[in-house]
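Written out below as structure tokens is the structure these notes cover.
The values are calculated or read from the model by the stated rules, or taken from the named source; none is laboratory data. Because the structure is predicted, anything quoted here is derived from the model rather than measured. No Cβ is skipped: glycine too gets one built from the backbone with ideal geometry, and neighbour counts run over all protein chains shown.
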Amino acid sequence: MNIHERTRTPIVFCTAVILFTLLLFVIPPKFISPDLGNTVLTISTFLFGMIAGFFIVVTTTDYNTLKGLTASETGKLIALYENVYAYDRGSADRLKILIDKYVRDAFDTELIDFAHHIQLDFEEIKKLVRELPAKRELSSLFQQIFGVMDGLIDIHQNEIVLGTRTVSPFQWFVLDILSILPIVTIYGLRTGAPFFDIVAVTFSSVIVLILLIIQAIDLYVWNEEMFSFNVYEEVLRSIGELPYYPRESIEKGRVHPGEGEYRIGTFPSRGGKERTIEVVRNGP
């Protein structure tokens, strides 16, 4: 899944702490009157807390819903392969190739966009299931395969619906304004006392952290190694394929391959849409 420039929460947070500490030596204390400052701080903090809390609830709801959908999807992909393997070995060999490409293409884009990105791969899987040869002696298994496929179609449609950002650019603008107001106010109310300076830096940094959390959940990159990598790697292992990782995801520390063999996908240096895939062995 491609790197998004705003997903490095720890680095951004630490940078914010350093920046707010440096501002203590740049911004003079007491440039806002206590009466005005306390009023603005109270109102802006209340509004920021209320709106930020609302978006945390909304984005977390979508995040948990998609998390459940991916768990169901991967389970059904494994079940589909196992059932088709028991039903028709030739079709299972072709399905294995399609599922492998499906997962690799999903990894090559962000989770929030993957439902649209793998649409053609999903259609190929649907086509293969529709064209399975009819076997009377295995009619019950045939119906079971179609039942699993129907479940996957329902999951895929729900993933498409969830493949949009909950927080719009305008809403981010409002959140940014409401986050700047209390930060500016608390710096303007500083008395110059060390304790007040520590409170100002901590308060400002926590506001930035809240924004980063909302963003990470909204983009479905919160706890992404378990959420969007490991769960799909289980599908590859179940169909007898090596795990797969985009090279940039490894280089940026978004995923950490364990020992053993795995595949790495790399875009050609001169451009192009198709990745070159190499097998790597890590560890003893």
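Below, the figures for the structure above:
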read-out	value
Residue in the stretch 33-43 that is modelled with pLDDT under 95, within 29 Å of the chain's Cα centre (by Cα) and farther than 30 Å from residue 265 by Cα present	no
Given (1) under 22 Å from residue 173 (Cβ atoms); (2) crowded, with 17+ Cβ neighbours inside 10 Å, index of the condition residue 50 fails	(2)
Residue in the stretch 54-68 that is nearest to residue 135 (Cα to Cα), counting only those that are surrounded by 18 or more Cβ atoms within 10 Å (Cβ to Cβ) and hydrophobic (A, V, I, L, M, F, W, C)	66
Where a residue in the stretch 240-264 is of a type in the set (D, E, K, R) and its partner, wherever it lies, is surrounded by fewer than 19 Cβ atoms within 10 Å (Cβ to Cβ) and not in a strand (DSSP E or B), with Cβ under 6 Å and at least six apart	248/3; 252/3; 259/283; 261/242; 263/242
Residue in the stretch 239-253 that is outside the structural domain of residue 67 (by TED's automatic domain parsing), at pLDDT below 85, in a helix (DSSP H, G or I) and in contact with a strand residue (DSSP E or B) (Cβ under 8 Å, 6 or more places away or on another chain) present	yes
Residue in the stretch 121-139 that is modelled with pLDDT of 90 or more, out of contact with any Asp or Glu (no Cβ under 8 Å at 6 or more places or on another chain), among the polar types (S, T, N, Q) and over 30 Å from residue 213 (Cβ atoms) present	no
Residue match in the stretch 108-131 (condition: over 22 Å from residue 160 (Cβ atoms) and either of a type in the set (Val, Ile, Thr) or assigned by TED's automatic domain parsing to the domain that holds residue 165 (or both))	yes
Hey, residue 29 part of a loop (DSSP other than H, G, I, E, B) and surrounded by fewer than 18 Cβ atoms within 10 Å (Cβ to Cβ) or not	yes
Some residue of the stretch 196-219 being closer than 24 Å to residue 261 by Cα, modelled with pLDDT under 95 and touching a His at 6+ places or on another chain (Cβ under 8 Å)	no
Neighbours by Cβ (under 7 Å, 6+ apart or cross-chain): first from the stretch 61-90, within 19 Å of residue 110 (Cβ to Cβ); second in a helix (DSSP H, G or I) and aliphatic (A, V, I, L, M)	63/217; 69/155; 70/231; 71/231; 73/152; 73/155; 74/231; 74/235
Output for the stretch 133-182, where each listed residue is more than 26 Å from the chain's Cα centre (by Cα) and touching a residue at least 40 places away in the same chain (Cβ under 8 Å)	133, 135, 138, 141, 142, 144, 145, 181, 182
